[in-house]
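Down below is the structure, laid out as structure tokens.
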Amino acid sequence: MKLIQLSTVFGALFLVGSAEVVAGPMMTFMGPDFGVASNAIAYLPAAYGLAYGAIALIAGPLSDRLGRKRPLQAGLLGFSALCALMPKASCLWMGVALAGLTGVCAAIIQPNCLALVGDRASSEKIDRYLGRVFVGLMLAFVLTPSIAGWLAGHTSWKHAYYLLAALAALAFFVVSIVFDSSFARPTTKTPSLASTHLGALSTGGVLARLLASYFWLGWMAGFGAIVADIAASKSSLAPDDAGLLAGFFGLVVIAGNLAGPYLRRAVDDIALPSAAFAGSIGVIAFSIPTSSVYQLALAGMPWAFGYGCGGPLHHARLSGLSAIYRGTINSYHASLLNLGIFSVSFLFGSLVPVTSLTFFCLAVGVVSLIGAVLLALVSRP
């Protein structure tokens with residue numbers, strides 16, 4: 001896979017991650033413009049994630065039948081248009097609708113990006129390439145909140161969405177140039193979407209790995225989505241300090257993204273389950289009493305590194321199961337991952353008001369251990 005193609009996928013995944021977190025630091029500024037309390041702006045990322053998880057199940061099979069390039073172009077073009085329209089929304093529910101439609105476009109972009117990498121990479125290099133492009137997704141969680149917050153405070157929150165629209169339009173044009181339709185792998189063996197789904201789910205080893213997408217990777221990612229709130233509650237941190245700690249964990253996740261392929265070459269089949277168990281144990285470590293932010297950062301490093309290291313390795317194994325149904329398998333993976341994120345957020349909102357933060361961390365860690373065990377079983381030589 002050429003460097004320009006890898007960079008294009010990197011940028012597209014950065015956009016997908018950015019749209020998920022861009023509204024977070026701008027809620028205080030967006031609320032008055034929409035005529036609602038600032039916390040109501042949380043409905044925007046919720047709508048984005050919910051639409052993403054639902055539509056991914058349709059987008060993946062279409063890419064297996066139509067190829068990768070055309071759906072990816074459509075997703076990026078729609079993403080650009082919807083981000084440009086967000087500042088024009090006159091009320092909250094119009095913004096929610098636009099966010100949901102943006103999630104539809106993201107559900108088309110990400111599975112096709114991952115399938116393109118799988119199509120063009122050899123089995124020896126696929127985890128290395130996926131580790132690199134996933135840095136784009138993780139980098140969005142580190143950079144985008146800072147950039148969006150600065151724009152909202154110094155100019156206008158609308159400029160953050162205009163910037164995303166411009167970047168998506170640029171990605172559309174680059175995809176049109178650097179990818180050829182012949183790079184796609186449409187299948188002619190399945191006459192219907194239903195048979196495409198059945199063919200993907202009957203692929204050997206796919207069910208156990210997809211369950212791990214929910215129980216392990218989804219719950220790891222869900223924990224990451226609220227790690228700043230957890231840190232602030234656990235150590236009584238100011239919002240700025242909690243954000244810095246979340247940024248530190250994001251950098252550790254990126255380090256894991258880059259280290260995963262080297263770990264896989266060093267220890268082969270045990271690399272992925274080792275990373276999975278480390279991530280789960282790291283979540284449980286958040287339940288240990290700590291007296292300083294430095295101790296909390298140290299306790300959370302196994303989670304961040306294990307999550308960052310194991311995520312691309314897990315994606316690589318799924319992508320390598322079937323070339324014909326790669327897009328469909330990736331769509332199931334994306335949907336289950338987002339369901340895991342939703343599950344952790346729902347559990348956080350339900351448990352923390354009535355029980356301790358310690359119990360919540362233990363619950364997330366135990367559930368993620370189920371996924372780690374699945375990965376250990378399916379990764380046996």
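The values are calculated or read from the model by the stated rules, or taken from the named source; none is laboratory data. These numbers come from a predicted model, not from an experiment. Using ideal geometry, Cβ is built from the backbone for each residue, glycine included, and neighbour counts are taken over all protein chains shown. Surface areas here come from the heavy atoms of the whole protein model, side chains and all, with no ligands, DNA or RNA. Shrake-Rupley method; radii C 1.70, N 1.55, O 1.52, S 1.80 Å.
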Of all residues being among the polar types (S, T, N, Q) and part of a helix (DSSP H, G or I) in the range 350-373, which is least open to solvent (accessible area, probe 1.4 Å)? Just the residue, please. Ser368
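Listed here are the residues, each with its yes/no results for (1) among the acidic types (Asp, Glu); (2) more than 19 Å from the chain's Cα centre (by Cα); (3) part of a helix (DSSP H, G or I).
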{"residue": "Leu244", "(1), (2), (3)": "no, yes, yes"}
{"residue": "Phe248", "(1), (2), (3)": "no, no, yes"}
{"residue": "Ala255", "(1), (2), (3)": "no, no, yes"}
{"residue": "Tyr262", "(1), (2), (3)": "no, yes, yes"}
{"residue": "Asp269", "(1), (2), (3)": "yes, yes, yes"}
{"residue": "Pro273", "(1), (2), (3)": "no, yes, yes"}
{"residue": "Pro289", "(1), (2), (3)": "no, yes, no"}
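Quick grid of which residues meet (1) open to solvent by 40 Å² or more (accessible area, probe 1.4 Å); (2) outside the structural domain of Ala107 (by the TED database); (3) among the acidic types (Asp, Glu); (4) touching a helix residue (DSSP H, G or I) at 6+ places or on another chain (Cβ under 7 Å):
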position	(1), (2), (3), (4)
Val253	no, yes, no, yes
Leu263	yes, yes, no, yes
Gly279	no, yes, no, yes
Val293	yes, yes, no, yes
Leu298	yes, yes, no, no
Gly310	no, yes, no, yes
Leu313	no, yes, no, yes
Leu336	yes, yes, no, yes
So the helices (runs of 4 or more DSSP H) completely within the range 1-117 holding 1 or more residues that are open to solvent by less than 30 Å² (accessible area, probe 1.4 Å) and either of a type in the set (Val, Ile, Thr) or farther than 27 Å from Ser345 by Cβ (or both) are 3-21, 43-66, 69-85
What's the number of the only condition in (1) within 23 Å of Ile147 (Cβ to Cβ); (2) modelled with pLDDT under 85 that Ala12 fails to meet? (2)
Going by what's in this entry, would Arg326 be described as in contact (Cβ under 8 Å) with a residue 24 or more places away in the chain and open to solvent by 50 Å² or more (accessible area, probe 1.4 Å)? no
Looking only at the range 122-152, which residues are of a type in the set (S, T, N, Q) and open to solvent by less than 30 Å² (accessible area, probe 1.4 Å)? Thr144
Tell me, please, whether a residue that is in contact with a Cys (Cβ under 7 Å, 6 or more places away or on another chain) and within 23 Å of Ser213 (Cβ to Cβ) can be found in the range 34-48. no
Is one or more of the residues making up the range 57-71 within 22 Å of Leu143 (Cα to Cα) and either in contact (Cβ under 8 Å) with a residue 24 or more places away in the chain or small (Gly, Ala, Ser) (or both)? no
